[in-house]
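So the structure is just underneath, and the comments pick up after that.
No lab work stands behind these numbers, since they all come straight from the coordinates. Keep in mind that this is a model prediction, so the values were computed, not measured. Quick reminder, even Gly has a Cβ in these numbers, built from the backbone with ideal geometry, and neighbours come from all protein chains shown.
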Amino acid sequence: MKYAGLGDINQLRKNGAERPSILFDGFSADRYSGMNGWYFSTNEQTISIPVQSKTMTIYWPGIGYIKDLNLPADDKTVLEIPTWTPGATVTGKILMPDGKPYAGKPLLISPGQDTESQLRLNTDAQGGFTVKGLLPGPLFIFTQADYNSAGWSLDEGEKGLSDITLRMSGMPIRAFANDSNELWWIPDAGKPVRLPQSRRSDCSVHDLAPGTGWLFSLASSPENCTYTRATLQAGEQGSYNQPRNSNGPALALYLPLDIQKGFPGKVSLISQDERLPFRVQYQTGWLASTLLGKYVFQFSALPPGKYKVIVNTATGNIEANVTVPTYGTSKELAYPAAGVAIPR
């Protein structure tokens, strides 16, 4: 699909991140392997949209965002991009472990909606920084623009944050999870925290309190999600590497094996826990079991709790609520009745 009205791309890159982030129907198109078929070409002014997507949000850190843009019903209509919403602003300063300013050094700003869309800047002589054009939601700030940099996880909200002070730790806690697109620390006591990741898996956190709890890794494929018991301690000696064979409470979804209705489509999972507000959408992952006479989709591990599941099929969307206990569960689904409108 062609688009028009985005503006001068070179100027956008100069004032903001190197590339924008795009969300379809509120889900990140970059973090999950099933969406790799889309592309956003600023040179050719074209965009490839995942099947049956209805809305699109373009987020350019440092510039602003265009939220919930309605997508045309066909590929021939030129998509007109409206004016940018300026977004929220975060101002503050960074201090070294000894309290001195982190002066004139690089910061890496990574929005939680898409950790690949990154904004680079330097602090001033007092360790101060200003970040504009932020989409309300999670925000990661790292003290070095490199792979193993330590950082903080913030939520700037609708109005942003003013004059915050972030102090570095001499021995930050480090965590690592294989194939992790979101990594959550769920302590035994306290509120769950999404850990800052500059390159998807490895992260070091300045202000995380040591303790015991659970690490939840939301992976690029549902069968690789993990929910593992862990003790996090300060310093490199406390590094935690989540093993590939770790698992947790599983969730299996079943649909009748009906060839006439075709293979089920994308699956969306939305946490109903306000303390753990993650949402994920997978384009693929269904398996056909002739032994069971069912289509099967499985999340290998999820935190126990309540979820909303949305499955796209050729006859319409299936929506269901499910509670995942500590020992896992399964959910039998049914196709929509004939005559239900097929969502685009």
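Numbers for the structure displayed
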{"quantity": "FRET efficiency, Lys308 to Leu69 (Cβ-Cβ, R0 22 Å, nearest 0.05)", "calculated": "0.40"}
{"quantity": "Peptides 9-16, 87-94 ordered by average Cβ neighbours within 10 Å, highest first", "calculated": "87-94, 9-16"}
{"quantity": "By average C-beta atoms within 10 angstrom, highest first, the peptides 61-69, 272-280", "calculated": "61-69, 272-280"}
{"quantity": "Antiparallel content of DSSP bridges confined to the chain, in %, to 5", "calculated": "85"}
{"quantity": "Proximal charge balance of Gly104 [Cβ under 15 Å; K/R count +1, D/E count -1]", "calculated": "+3"}
{"quantity": "Centre separation in Å (Cα based) which lies between the stretch 151-180 and the stretch 1-31", "calculated": "24"}
{"quantity": "Where only alpha carbons of the stretch 3-80 are counted, the Rg and the Dmax (Å)", "calculated": "12.2, 33"}
{"quantity": "Order by protection proxy (mean Cβ within 10 Å, highest first), peptides 222-231, 257-266", "calculated": "222-231, 257-266"}
{"quantity": "Virtual spin-label span in nm between Lys159 and Asp273, 7 Å along Cα→Cβ", "calculated": "3.0"}
{"quantity": "Shape of the chain, Cα gyration tensor, a/c cut at 1.5", "calculated": "oblate"}
{"quantity": "More than 24 Å apart - percent of Cα-Cα pairs taken over the stretch 88-190", "calculated": "23"}
{"quantity": "Cα-derived Rg over Rh, computed across the stretch 251-332 with Rh taken as Kirkwood radius", "calculated": "0.97"}
{"quantity": "Helical mean residue ellipticity (222 nm; -39500 (n - 2.57) per DSSP H run of 4+; nearest 500) of the chain", "calculated": "-500 deg cm²/dmol"}
{"quantity": "Label-to-label distance, nm, for residues given as Thr77 and Val51 (7 Å Cα→Cβ offset)", "calculated": "2.1"}
